[in-house]
Every structure is written in C-alpha cells, then in structure tokens.
Amino acid sequence: MSPIRAVFFDVGGTLAYPHPSFHGVIARVLGEHGVVVSGEQVRAVEPRVWEAVEAYQRQGGYFTRSDDESRQFWYWIYQTILELLGVPDPRDLPQRLYGEFVRHETYRLYPDSLPALRALQARGVPLGVISNWEEWLEQLLLHLDIRDYFASTTISGTTGIEKPDPRIFALALDSLGAAPGEAAHVGDSVRHDCEGARAAGLVPVLIDRTGQQPPGDYLRVADLTHLPAVLDLA
C-alpha cells in the first residue's frame, strides 16, 4: 500500500447516526401519533426493508440526488415499514417520519468519530467527505460541529452522482488534489463504500463496530480511532 496522504469519510453509519437508533426514532414518532410499537418490533422488520432497498439500488434506483427523489424514496421506506408492522391506517405517518429524519437534532456523532478526526488532523492528513446524502448534509456537519475538519465535501445531493459510481470518488480526489492510490475511504457499506472506493482506486476501509459485517479483503476497523494505525499513519 502506498503512503496514505488523504482520508475520506462516509457520514451516515460511519460518523453519525439517528439517536438513539433508526428503529428507536421510528418507534418514538409512531408513539407520539398513537401507534404503540417497540423499537425491537421495528428492528425485526428492518432486514426485509433493506433487502427491498438493495434490490431497488441494484436495478439502478437512486435516492439522494434531489430533494424530490429523496422524499419519494423515504416515503416508500416508511410506508413499507408501517405495512410490515401491520399499521392499518398510516395516514400521514410516512411524512411525519420523513420530517423527523431531516431534523439536524435527530443525529449524534459516534463516540469514536471526533477523537478519530482529531487524531488524523493532528497528523496533517487532509480529510474529506464522500456521502450519499441530500445537500443539507453541509448544514448537518455544521450542526454536529465537525465541518471544519474537512477540506472538501462531495455529496450526492449536490453532484447528482451516488456511490458506488467511481465518478463521485474522482470528484472527491480532485477536490483534494489526491491520487487514488494515496487516498483511503472509510465507510459502513460494503457495496457503496468498499466496492465503490476500490473500483475508483482508493484504499477501502470498512467500519464494523458490531462485528456483523460480511468478510472481505479490505481493511476493517471496529473503532475509528484505530485508523492511524491501520493506515500506517501512527
């Protein structure tokens, strides 16, 4: 591996998460509108939802390139969850859920995110973001107080290109003046982050905090603070 001179990060599931969890937020919002379900009940139907999403994306479906595209995608997701939970009359619940998940206050940083960013910054490594997210991600990064750590942000909602398309990685590399073999990309998705980064020539790093990600021949960390050592930046 060539010396790493730039590191890019995914955001959702990598640096930040909906608090206390995706299923926890859904259970709370439903409860506020008279539908009593537990977070565990929502978690139990999630695998079927993500299977449908995976099929949709492999057939060429997108979800973050514009606000309208994102809204329709997430309405479909929330409607599917409600159907799987057996909610007989969803009314405007998909819209209510969508509204909650676009609130900055819904999100938190993982405990290892800020220490990792500080450690890499202290080593003089330029950092960037490559994320499948709507353009409001810029405001979320400001809200989370981490925007200043990044020399560039490459977001699908502004570029019109989603990972794993190599073009979004190329745009990010250009933004930092980095060569592919001298840059790493860290993310939680095997397909979007690891396969996408590798296809674009970057070094892929999978964040696997739970130890439940599938095996693969890419670098893997259970904690983002391990990145300097894994990337030989210590």
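The values are calculated or read from the model by the stated rules, or taken from the named source; none is laboratory data. Computed from a predicted structure; not experimentally measured. Note that we place each Cβ from the backbone using ideal geometry, even for glycine, and neighbour counts take in every protein chain shown. All accessible areas refer to the heavy atoms of the entire protein, side chains included, with ligands and DNA or RNA removed. Shrake-Rupley method; radii C 1.70, N 1.55, O 1.52, S 1.80 Å.
Of the residues making up segment 84-120, just one is open to solvent by 10 Å² or more (accessible area, probe 1.4 Å), of a type in the set (Ser, Thr, Tyr) and part of a helix (DSSP H, G or I), namely Tyr98.
Count of segment 185-230 residues, restricted to those that are closer than 22 Å to Trp50 by Cα and assigned to a loop (DSSP other than H, G, I, E, B), is 11.
For (1) in a helix (DSSP H, G or I); (2) of a type in the set (Val, Ile, Thr); (3) open to solvent by 20 Å² or more (accessible area, probe 1.4 Å); (4) in contact (Cβ under 8 Å) with a residue 60 or more places away in the chain, each residue gets a yes or a no:
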| position | (1), (2), (3), (4) |
| --- | --- |
| Glu134 | no, no, no, yes |
| Leu140 | yes, no, no, yes |
| Thr158 | yes, yes, yes, no |
| Ala170 | yes, no, yes, no |
| Asp232 | no, no, yes, yes |
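Counting the residues of segment 209-234 that are over 18 Å from Leu109 (Cβ atoms) and not small (Gly, Ala, Ser) gives 13. Against the numbered list (1) part of a loop (DSSP other than H, G, I, E, B); (2) in contact (Cβ under 8 Å) with a residue 60 or more places away in the chain; (3) over 16 Å from the mean Cα position of the chain (by Cα), Gly34 comes up short only at (2).
Entry remark, segment 60-83: residues being farther than 13 Å from Val49 by Cβ, open to solvent by 50 Å² or more (accessible area, probe 1.4 Å) and either without any contact (Cβ under 8 Å) to a residue 12 or more places away in the chain or within 16 Å of the chain's Cα centre (by Cα) (or both) number 4 in total. Across segment 54-86, the number of residues qualifying as among the hydrophobic types (A, V, I, L, M, F, W, C) and modelled with pLDDT under 95 comes to 2.
Within segment 1-25, the residues that satisfy the criterion of being open to solvent by 10 Å² or more (accessible area, probe 1.4 Å), assigned to a strand (DSSP E or B) and within 22 Å of Val230 (Cβ to Cβ) are Gly12, Tyr17.
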